[in-house]
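The values are calculated or read from the model by the stated rules, or taken from the named source; none is laboratory data. Keep in mind that what you see is a predicted model, and the values were worked out from it rather than measured. All Cβ positions, glycine included, derive from the backbone under ideal geometry; neighbour counts span all protein chains shown. Accessible surface is based on the protein model in full, side chains and every heavy atom, while ligands, DNA and RNA are left aside. Shrake-Rupley method; radii C 1.70, N 1.55, O 1.52, S 1.80 Å.
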Amino acid sequence: MSLISFEFLIFICITAAAYQVCTKKYRWIVLMFASVIFVCCAQSILLTLLMALQITVTYAAGVAIARSRERQLIVSGKTIMLLAVLFNIGAMIALKDINFFIRPLILLLKSCGIATGVHVVHADAPMGISYYSLIMISYILDVYWNVTNAQKNAGRMILFSAFFPVLTSGPFIRYRDIESSMYAGNRITYLNLTQGLQRVLWGMFKSMVISGRIGTIVDTVYANPASFLGFYQFIAYMAFVIQLYTNFSGCIDIIMGICQIFGIEMPENFNSPFFSTSIAEFWRRWHVTLGLWLKDYVLYPLLKSKAFRKIGKTAKAKYGKKWGKQAPLFTGLMISWFLIGFWHGGSWNYIWGCGIYYGILIIMGQLLEPQFVKINSRLKINRDSRGWKTFQRIRTFIIFSWGLSFFRSYDGLIAGIRRWGYALSTFNPQIIFNGSLLKLGLEPTDVALLVVSLVILLVVDTLQFKKPVIERLSELSLPARWTILLALLFFVIIFGQYGTAYNAASFIYEKF
Amino acid sequence: MGETKKKCIKIIAFCLIALMIFTLVFRILWISYSSGSYREFYKEKDNTANVVLIGTSTIRRDWISLEAWRETGYNYFAMCSVAQPLPLIKYLMIESEKTQSPDLYVIDLRSMSLPGGSYVKSGDIRRVTDNMKISANRKAAIDDSLKFAGIKTSNGNRDYYFSFMYYHSMWKNISLSNITRSSVYKGYCLDSVQTTSTATTASAMGWDHNATPTMPAINKKYFDELLSYINSHKLKVLFLIPPMQFSEEDSGRLAATVDYLKAKGYNIYDANDHYAEMNIDFSKDFRNVHHMSQWGAQKFTKVFAKYITAHYNLTKHVNASETAQWNKAYADYESALKSRLK
């Protein structure tokens, strides 16, 4: 059931009606049943049972850790925590990324001349496994660290783990942040309803009007890279960033809007990333909750660990105080970036293009920062000037797009490297001006519509950067507000890519 | 006024405005091939039609209800689209029965003998069902005709039920004609008036009576269903073979259909046998071998209308105000025709 399907619309309407008529005390139960129905409708019984098993283990682990604190168990809380975390990680890898390990094993065995019955696995994983597994790991760790109380009600645990709007594409929620609003049974208020629907509409605009159209350019170039050299590749890389942004952030807007209708506060996942002046800042604004999750549950625990403290001490003794700090930090960063890439998919194009590439750039940025400052001062560049900031933003966008080109290289890391080769093989900026871009699968009318839509997106994102647009909108007079909303509504209705004339819109991050 | 009431009014007002704009946008984006005919049919007052004609573009081009009214004084109405797959006939009769109780149904045999599968295109179905009002009958018509055509949709036929899901993609094709709709005169669209014609001969028209009769099993099934509906509702029906040229393949299927219907005791009017009576001038009365020109249509309408009144007992059930309304429609048609032919 896609978030922009007719079935989902009906599903949401029924859920919202049932939610509203129930008393405050039982509203969370409506959401829980809705989540169970959503999960059961979306996948086979076997996959649902696998998901249920993970939830059961997490729930039991949370209760057991709490009891162990009260000395009611023989097994220590740490052991339970480790077992539960490993179980969730194991389940996620086994069901989703097992081929990452099987493929090299097959190659190794073949190179040694050993004939085995080992094959690549083609199995389905439960929907949203990458999301709910991390969400449950964060819960177990929070309970273990005593940051939050264990949830003793199994139904509430089901709702937290499988809450239907966030299940397929995030954002990553944390029990401690969401507990108060998820179970509060807040009424659907006029304000939440209207603002939630506005957010859903904006999400639909991004994903249904822009993402699919710009995706046509990307698909054309990626399908036949050898025919599109030089700037064609540059354009496709940048187009893919916009496609992914509009698709993913559009999906998140829809999710956030739905949650707002039910009065549930969600953490933001995007914060005007294209205004970032460095890659490090970009990732603080892009897929924010994933970055925070990695920081809180991987990077910081690693830096606090004995092994990393030892690395710090060794580096300090050998290379001085500065490296004593930087060595463990950079090691931790590289591990975190590897994991971010691996989380996106168990193949090297993701590990490089969504992980290590950015890790290297961020570390290089930190190492070379003093040199950059020196160069700037020699060239008398005012680092606070608007022009310099704009340059930094464009530079960051381009650097980001080159890394993300591997994300889109579904045919693997080597194919991605070849694409970089195609991009650098010729210098043909003239294609930007001579109409060649109109031959990338889009009709001129679609190109015109895309340009208009991107301008709208840019204006809204610029306004959003300073103050939330929904707030600005609510300050307008009724006729002005309605005109804007109706214009956007009909923009989506008319120009949205849905129905048989187009392939049904889908969300890229849903497959994770 | 309470705050809640105010908010409710705001929500309702917003939805109403959105609905109004939606209707307007839908109307503009809708590339409607036959909407005029159906739109006019739905506008007709209840129980005023004497004869309802259901057919393809041949009826749409060749039959002028207002001319027939002027000739015989009875109300005729044609529900036509460019092509009309066999399963849809029953549903159009059901649609007609919702508001009308005609004395006679005239059913065009042209596309009824066409088999299903690839012969029936999505557009053939859409031209009919997109123009029908939303109802259970429309849904059944869509489901049945898609089955007949062997068209499988990925989203449970939703694009057919809610045709905007299809038509919204037509924004690239918008032209002035989408905004300024052509006038429809009791189902006859003057846009189709063309004075240019194709010269043909009497021997070239009609169908080969010696062709080997062939009727696909699926057609027989749908014919059985249609006749069962007609019998159970005690409807009077005349089948029409329109004035046109049939290919050899079509002739074979038509021959089988004629045999089948005759065996069941139904009347068939073959317009191709009446060219002399119509006083057809083959140099100017046909625009092509499938459709008549304005002049041919006038001749066919008069002869066929006379045949109907002579052979079927039509009841006068039109009051003075409706008569005046038909007279006005005729006057409008006549003046529009004159100005078009200037």
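Pick out, from the stretch B:200-305, the helices (runs of 4 or more DSSP H) lying fully within it that include 3 or more residues that are acidic (Asp, Glu).
Working: elements: B:217-232, B:248-263, B:275-278.
Answer list for the stretch B:200-305: B:248-263.
Based on this model, can you work out whether A:Val460 counts as modelled with pLDDT of 90 or more and within 14 Å of chain B (Cβ to nearest Cβ)? Against the criterion (modelled with pLDDT of 90 or more and within 14 Å of chain B (Cβ to nearest Cβ)), A:Val460 does not qualify.
In the stretch B:5-21, which residues are closer than 15 Å to A:Ile493 by Cβ and either touching a residue at least 40 places away in the same chain (Cβ under 8 Å) or of a type in the set (Gly, Ala, Ser) (or both)?
Within the stretch B:5-21, B:Ala18 is the sole residue that qualifies.
Count of the stretch A:1-41 residues, restricted to those that are loosely packed, with under 15 Cβ neighbours inside 10 Å, within 14 Å of chain B (Cβ to nearest Cβ) and of a type outside the set (D, E, K, R), is 4. Name the single residue that is least open to solvent (accessible area, probe 1.4 Å) among those in the stretch B:116-165 being of a type in the set (Gly, Ala, Ser) and within 14 Å of chain A (Cβ to nearest Cβ). Taking the candidates together, the pick is B:Ser163. The requirement of being open to solvent by less than 10 Å² (accessible area, probe 1.4 Å), outside any helix (DSSP H, G or I) and of a type outside the set (D, E, K, R) is fulfilled nowhere in the stretch A:245-254; no residue meets it.
Taking the condition farther than 17 Å from A:Ile311 by Cα, open to solvent by 50 Å² or more (accessible area, probe 1.4 Å), in contact (Cβ under 8 Å) with a residue 24 or more places away in the chain and of a type outside the set (Val, Ile, Thr), does A:Leu329 pass? Give the derivation first.
On the way: farther than 17 Å from A:Ile311 by Cα: no; open to solvent by 50 Å² or more (accessible area, probe 1.4 Å): yes; in contact (Cβ under 8 Å) with a residue 24 or more places away in the chain: yes; of a type outside the set (Val, Ile, Thr): yes.
Here the answer is no, as A:Leu329 does not meet what is asked.
Do you know which residues across the stretch B:70-90 are part of a helix (DSSP H, G or I) and surrounded by fewer than 23 Cβ atoms within 10 Å (Cβ to Cβ)? Talk me through it step by step, then tell me what you get.
Taking the stretch B:70-90 first, the residues part of a helix (DSSP H, G or I) are B:70-72, B:86-90.
Answer for the stretch B:70-90, where residues must be part of a helix (DSSP H, G or I) and surrounded by fewer than 23 Cβ atoms within 10 Å (Cβ to Cβ): B:Arg70, B:Glu71, B:Thr72, B:Lys90.
Number of residues in the stretch A:332-354 that are open to solvent by less than 60 Å² (accessible area, probe 1.4 Å) and of a type in the set (Val, Ile, Thr) equals 2. When the test is whether a residue is open to solvent by 60 Å² or more (accessible area, probe 1.4 Å), assigned to a helix (DSSP H, G or I), free of Cβ contacts under 8 Å to residues at least 12 places away in the same chain and assigned by TED's automatic domain parsing to the domain that holds A:Trp283, A:Ile394 passes it. Checked against (1) in contact with a helix residue (DSSP H, G or I) (Cβ under 8 Å, 6 or more places away or on another chain); (2) in a helix (DSSP H, G or I); (3) not polar (S, T, N, Q), B:Leu24 passes all but condition (1). Residues in the stretch A:27-68 that are out of contact with any helix residue (DSSP H, G or I) (no Cβ under 9 Å at 6 or more places or on another chain), within 19 Å of A:Ser133 (Cβ to Cβ) and free of Cβ contacts under 8 Å to residues at least 12 places away in the same chain: how many? Count: 2. Considering (1) touching a helix residue (DSSP H, G or I) at 6+ places or on another chain (Cβ under 9 Å); (2) away from chain B (no Cβ under 14 Å), the lone condition that A:Gly212 does not fulfil carries the number (2). I'm trying to understand the selection: among the residues of the stretch A:337-362, which are over 15 Å from the mean Cα position of the chain (by Cα), over 15 Å from A:Thr396 (Cα atoms) and among the hydrophobic types (A, V, I, L, M, F, W, C)? Across the stretch A:337-362, the qualifying residues are A:Phe338, A:Trp348, A:Trp352, A:Ile356.
Restricting attention to the stretch A:411-431, and to residues there that are outside any helix (DSSP H, G or I) and either open to solvent by less than 50 Å² (accessible area, probe 1.4 Å) or over 16 Å from A:Ala226 (Cα atoms) (or both), which single residue is modelled with the highest pLDDT? So, considering only residues that are outside any helix (DSSP H, G or I) and either open to solvent by less than 50 Å² (accessible area, probe 1.4 Å) or over 16 Å from A:Ala226 (Cα atoms) (or both), the one modelled with the highest pLDDT is A:Asn428. Determine if the stretch A:135-148 includes at least one residue that is open to solvent by less than 20 Å² (accessible area, probe 1.4 Å), farther than 22 Å from A:Ile29 by Cβ, over 24 Å from the mean Cα position of the chain (by Cα) and of a type outside the set (S, T, N, Q). So far as the stretch A:135-148 goes, yes, one or more of its residues are open to solvent by less than 20 Å² (accessible area, probe 1.4 Å), farther than 22 Å from A:Ile29 by Cβ, over 24 Å from the mean Cα position of the chain (by Cα) and of a type outside the set (S, T, N, Q).
Among A:Ala150, A:Ala125, which is the only one that is in contact with a Lys or Arg (Cβ under 7 Å, 6 or more places away or on another chain) and among the aliphatic types (A, V, I, L, M)?
Numbers: A:Ala150 fails: in contact with a Lys or Arg (Cβ under 7 Å, 6 or more places away or on another chain).
Testing whether each residue is in contact with a Lys or Arg (Cβ under 7 Å, 6 or more places away or on another chain) and among the aliphatic types (A, V, I, L, M) leaves just A:Ala125.
Selection of the stretch B:306-326 for residues being buried (at least 16 other Cβ atoms within 10 Å of the Cβ), out of contact with any strand residue (DSSP E or B) (no Cβ under 8 Å at 6 or more places or on another chain) and part of a loop (DSSP other than H, G, I, E, B) yields only B:Val318.
Could you please find all residues in the stretch A:432-457 being under 23 Å from A:Phe270 (Cα atoms) and within 14 Å of chain B (Cβ to nearest Cβ)? A:Leu450, A:Val452, A:Ser453, listed by residue number.
When each of A:Gly291, A:Gly203 is tested for being in a helix (DSSP H, G or I), surrounded by fewer than 21 Cβ atoms within 10 Å (Cβ to Cβ), within 18 Å of the chain's Cα centre (by Cα) and on the phi < 0 side of the Ramachandran plot, the lone residue that passes is A:Gly291. Scan the stretch B:221-255 for residues that are closer than 24 Å to B:Phe304 by Cα and of a type in the set (Gly, Ala, Ser) and the total you get is 3.
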